[in-house]
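One structure is given here, and the rest of the page talks about it.
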Amino acid sequence: MKAIISDPLALRAITPLALRGYAEFEGWRQIEPYGTTSEIYNRRIGDRFVEIILPVTDQIGDYSSVVQQLISIFAREGDRDEIAIYRDLTHADRDVVRAGSPHADDDGSIPINEGVDLIAEARNALASAACSANEPQQAYHLGKIQRVTDYMSRVRLGQTEMGSFVVTLLAPVPPRIQPPAQETLWPELITEPYDRQVTRVLANGLKAVSGALEELNRGKDISAFEAVVKDGVSANLCEAVAAIAENSDGVDLSITWARTRPTPHERSRIVFSRKDAEPLKEVARHFRLREPRNDVTVFGTSTRLHRAGKQTSGSVTFTTLIDDRPRSVTVSLPREDYERAVEAHRRRQPILISGDLVREGQRWHLRNPRNLAIPTPEI
Amino acid sequence: MDALLSQNDRMEALSRAYVSAIAAHAGYTVGNAQPDRDSVDIILNAGGVMRPAIGVQLKATTTVSVVSGEFSFPLPVKNYNDLRVPTQSPRILVVLALPGNDDEWLTHRIDKLIMKRCAYWKSLFGMPETNNIRTVSVNVDAAQIFDVAALVSLMQKSRNGESL
């Protein structure tokens with residue numbers, strides 16, 4: 001059955017930039033202006049030249065009609081159906097992240113819990129890449145980095161796709177406004193806008209995870225993953241991929257790059273199998289154990305004080321809750337703060353202190369201590 | 001006698017027939033309205049994939065009174081606003097002037113088919129905003145007869161991306 005897109009609102013959702021990005025990607029070349037609102041493009045197809053007219057603004061009265069015509073022409077000349085063209089156009093100005101479950105029924109449905117998990121973990125994978133693009137680390141607490149929160153608020157959940165159950169995340173990316181130095185090479189990551197850095201880090205991170213898994217299979221240890229943290233690998237990414245691979249019995253992850261910001265390759269794709277889930281979960285566990293938790297505030301009662309000789313600073317060990325479990329944490333304090341801690345210990349008063357929580361082996365340490373406070377009990 | 005169309009419907013159908021006949025005589029095709037449906041009743045195409053093309057709003061009236069070379073036509077505000085905004089394919093208003101006696105609208109014999117009076121065209125592109133609620137009186141130049149020559153000229157302008 002051939003479907004025709006005719007809803008004006010749906011047609012108006014396609015931007016002039018998306019139309020141009022799609023057309024240029026498909027080989028249409030700009031020729032000359034048409035009036036004050038449009039540009040003429042043409043393309044050689046077989047032994048004939050076909051002409052189209054692309055609006056440069058959506059502030060024209062017949063915008064929906066024009067878009068419908070263009071979809072029809074693209075479908076006819078590309079021998080594709082209009083639904084697929086429409087989908088490509090709505091995605092033309094977005095990097096599209098797809099996470100596919102191979103186990104859809106013939107009608108494209110999957111169990112609801114699996115579907116919900118797939119969406120959530122696809123989101124987590126993208127969010128982890130956003131964290132890594134901001135600053136590469138072994139693990140993150142999602143929701144704590146404002147730049148990442150702002151970015152994720154602009155990501156859209158697209159329509160699931162037929163065939164198998166495919167979750168699509170539509171990631172924003174600004175259009176290219178200057179031709180690259182070389183079309184066939186990726187620009188340096190640092191020169192890209194943050195939005196594009198995120199999806200590139202996701203692609204690089206997934207590729208690095210796949211490579212590190214192979215290294216693991218060759219007998220290497222956790223260092224294979226530590227070496228690629230700089231490429232976007234994190235506990236969060238490993239957890240997300242593991243969850244999808246386990247719940248969906250494997251996963252096909254891909255990024256199709258926005259046509260309004262062209263890349264040397266149209267698409268990046270990595271496939272993980274169910275058996276990859278367990279090693280990835282273990283990698284994530286390792287990363288989380290050892291990654292500092294920056295800028296935390298802990299509250300607890302000191303259990304041990306130690307100052308060696310005539311040193312002015314001393315260490316305080318106190319008990320606090322970490323991940324809802326009582327843990328001992330040791331902190332080195334300068335003289336004045338150490339003496340306040342001693343006084344609190346004498347009075348059996350708890351202390352409140354901020355710093356960066358780091359696990360070293362089986363022990364927790366608070367680095368960069370600051371803002372020590374002795375809360376006074378309410379009368 | 002059975003009749004499905006009202007008086008106004010008959011007049012509109014005749015205006016569609018008129019424009020279609022002129023277009024056919026010029027060698028152009030007539031297409032249906034597009035999703036915008038913004039005051040465009042038919043689209044006239046001259047062979048290209050997207051250009052040239054002209055959108056037409058069809059009207060008909062039996063009360064054309066030419067004064068100083070033009071006549072006034074009350075156009076619904078919606079049509080007025082839709083026809084005056086920028087568009088990629090230009091749009092025009094075509095008003096078919098019909099005799100007051102509907103027996104004279106169309107006569108046919110074995111040797112001829114006669115549709116009486118003629119249609120006039122007007123471009124409203126760039127006309128000012130209006131505060132009117134129901135209709136806007138637009139002045140139509142009685143010299144702008146919608147015939148084959150006029151249509152060919154308009155289509156050439158459309159081909160070049162010019163305003164009509």
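The values are calculated or read from the model by the stated rules, or taken from the named source; none is laboratory data. Quick caveat, the model's predicted, so the values are computed rather than measured. Every residue, glycine among them, receives a Cβ derived from its backbone with ideal geometry; neighbour counts consider all protein chains shown. These area figures cover heavy atoms from the full protein model, side chains too; ligands, DNA and RNA do not enter into them. Shrake-Rupley method; radii C 1.70, N 1.55, O 1.52, S 1.80 Å.
For chain A, the calculated P(r), taken from all Cα-Cα distances in 20 Å bins from zero up to the bin holding the longest distance, is 24, 43, 24, 9, 1 percent. Taking every full run of DSSP H in chain A, the ones that stretch at least 27 Å from end to end by Cα along their long axis and average -1.0 or higher on the Kyte-Doolittle scale are A:112-134, A:194-217.
With the largest listed first and rounded to whole Å, the semi-axes of the equivalent ellipsoid of the stretch B:75-164 from the Cα gyration tensor are 28, 20, 9.
The residues of chain B expose on average 53 square angstrom of accessible surface per residue, using a 1.4 Å probe on protein heavy atoms. Please report, to one decimal in angstroms, the Kirkwood hydrodynamic radius of the stretch A:107-196 built from all distinct Cα-Cα pairs. Here the Kirkwood hydrodynamic radius works out to 15.3 Å.
Shown is the FRET efficiency for A:D249 and A:A227, computed with R0 = 35 Å from the Cβ-Cβ distance and rounded to the nearest 0.05: 0.75.
Please list, or write none, the aspartates and glutamates whose alpha carbon is within less than 13 Å of the alpha carbon of A:K207, excluding same-chain residues fewer than 8 places away. Once the sequence-local aspartates and glutamates are set aside, what remains near A:K207 is A:E215, A:D231, A:D252. Share of carbon and sulfur in the accessible area of chain A stands at 48%, probe radius 1.4 Å. Plugging the Kirkwood radius over Cα pairs into Stokes-Einstein for the stretch A:144-274, at a temperature of 4 °C and a viscosity of 1.567 mPa s, what D comes out in µm²/s? The calculation lands on 79 µm²/s. Remark: spin-label model distance A:N371-B:F125 equals 6.4 nm, labels positioned 7 Å along the Cα→Cβ axis. Under the simplified labelling scheme, the B:S72-A:R307 pair shows an inter-label distance of 10.0 nm, with each label point 7 Å from Cα along Cα→Cβ. The label point for B:R109 and the one for A:R29, both projected 7 Å from the Cα toward the Cβ, are 6.1 nm apart. Taking other residues whose beta carbon is less than 9 angstrom from the beta carbon of B:L98, and scoring Lys, Arg as +1 and Asp, Glu as -1, yields 0. All C-alpha to C-alpha distances of the stretch A:252-364, sorted into 10 Å bins beginning at zero, yield P(r) values of 11, 30, 20, 14, 11, 11, 3 percent in whole numbers. Using the Cβ atoms and a cut-off under 15 Å, what net charge is assigned to the surroundings of B:Y28, where Lys and Arg are +1 and Asp and Glu are -1? With Lys, Arg at +1 and Asp, Glu at -1, the neighbours total +3. Taking every DSSP helix (H) stretch of at least 4 residues in chain A, weighting each as -39,500 (n - 2.57) and dividing the sum by the residue count yields a mean residue ellipticity at 222 nm of -11500 deg cm²/dmol. Full extension of the chain between B:D9 and B:I133 gives 42.3 nm of extra length, using 0.36 nm per residue less the Cα-Cα distance. Work out which helices of chain B, taken as complete DSSP H runs, extend at least 15 Å along their axis over the Cα atoms and score a mean Kyte-Doolittle of -1.0 or more, then list them. Qualifying helices: B:7-26, B:148-159.
The local environment of A:D93, defined by Cβ-Cβ distances under 9 Å, has a net charge of +3 under the rule Lys, Arg +1 and Asp, Glu -1.
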